[in-house]
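Taking it in order: structure first as structure tokens, then the write-up.
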Amino acid sequence: MPPLVAFTCRRCGHCCQGEGGIVLSGSDIDRLAGHLRLSAAAMLSRYAEHVGGKNRLVTGPDKACIFYDQGCAIHPARPDVCRAWPFFRGNIIDAASHAMAAEDCPGINPEASHAEFARQGSVYLHNRGLARARGRDVPEALADIPPPTEEPDHGPSRFDAS
């Protein structure tokens, strides 16, 4: 019997809501600027704010991401933090953080154990180059993700976080 799929994105936008903004790495800035056909400086001045030494996307008056309107307007170029959700470091290493995320995100499978969620998340992040060593240009949510554990005896993991 294959393991349960730990996460399947429902494209509901729950993760696009709330204050705090999405922290942008240098590669995020370049990718977004190219997608929007703007210079990096123009993209930052229109769509980002500099807070606590980091650039982050602004939110609109409704506290949703500036690029969210019944879907992600920049999905092909979305920031790495968005690509990684819900497989953030805290959710991978801490069962309580995972449980809180599962309360708000309908795509997190409540039937999958935290250990299985963490294993699938680590595989997902490492396979896509989203897990990185802590550094100046690395969002905290993606820093120092534990390496993937071995596959379970009953087959490879399956999940869809695209």
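For the stretch 1-47, the set of residues classified as among the polar types (S, T, N, Q) and either at positive phi or assigned to a loop (DSSP other than H, G, I, E, B) (or both) consists of S25, S39, listed by residue number.
Out of curiosity, is E140 closer than 16 Å to S97 by Cα, of a type in the set (D, E, K, R) and exposed (fewer than 15 other Cβ atoms within 10 Å of the Cβ)? When the stated conditions are applied, E140 passes them. Check the stretch 103-115 and report whether any residue there is assigned to a loop (DSSP other than H, G, I, E, B), without any contact (Cβ under 8 Å) to a residue 40 or more places away in the chain and within 17 Å of the chain's Cα centre (by Cα). Checked the stretch 103-115: no residue is assigned to a loop (DSSP other than H, G, I, E, B), without any contact (Cβ under 8 Å) to a residue 40 or more places away in the chain and within 17 Å of the chain's Cα centre (by Cα).
Taking the condition free of Cβ contacts under 8 Å to residues at least 24 places away in the same chain, touching a helix residue (DSSP H, G or I) at 6+ places or on another chain (Cβ under 9 Å) and loosely packed, with under 13 Cβ neighbours inside 10 Å, does A33 pass? Taking the combined requirement at face value, the residue does not satisfy it. Each residue in the stretch 30-64 was checked for being modelled with pLDDT under 95 and of a type in the set (S, T, Y), and 1 of them qualify. Out of the residues in the stretch 1-30 that are surrounded by fewer than 15 Cβ atoms within 10 Å (Cβ to Cβ) and charged (D, E, K, R), state the one that is nearest to V138 (Cα to Cα). Going through the qualifying residues, I end up with D30. Condition first: surrounded by 16 or more Cβ atoms within 10 Å (Cβ to Cβ), over 13 Å from the mean Cα position of the chain (by Cα) and outside any helix (DSSP H, G or I). Now tell me which residues in the stretch 73-98 satisfy that. Within the stretch 73-98, just I74 meets the criteria. Among the conditions (1) under 22 Å from G13 (Cα atoms); (2) crowded, with 21+ Cβ neighbours inside 10 Å; (3) of a type outside the set (S, T, Y); (4) in contact with a Lys or Arg (Cβ under 8 Å, 6 or more places away or on another chain), L130 misses just one, which is (2).
Restricting attention to the stretch 63-72, the residues that are among the aliphatic types (A, V, I, L, M) and touching a Cys at 6+ places or on another chain (Cβ under 9 Å) add up to 1.
The values are calculated or read from the model by the stated rules, or taken from the named source; none is laboratory data. Just so we're clear, the structure is a prediction, and the values are computed from it rather than from any experiment. Every residue, glycine as well, gets a Cβ built from its backbone with ideal geometry; the counts of neighbours run over all protein chains shown.
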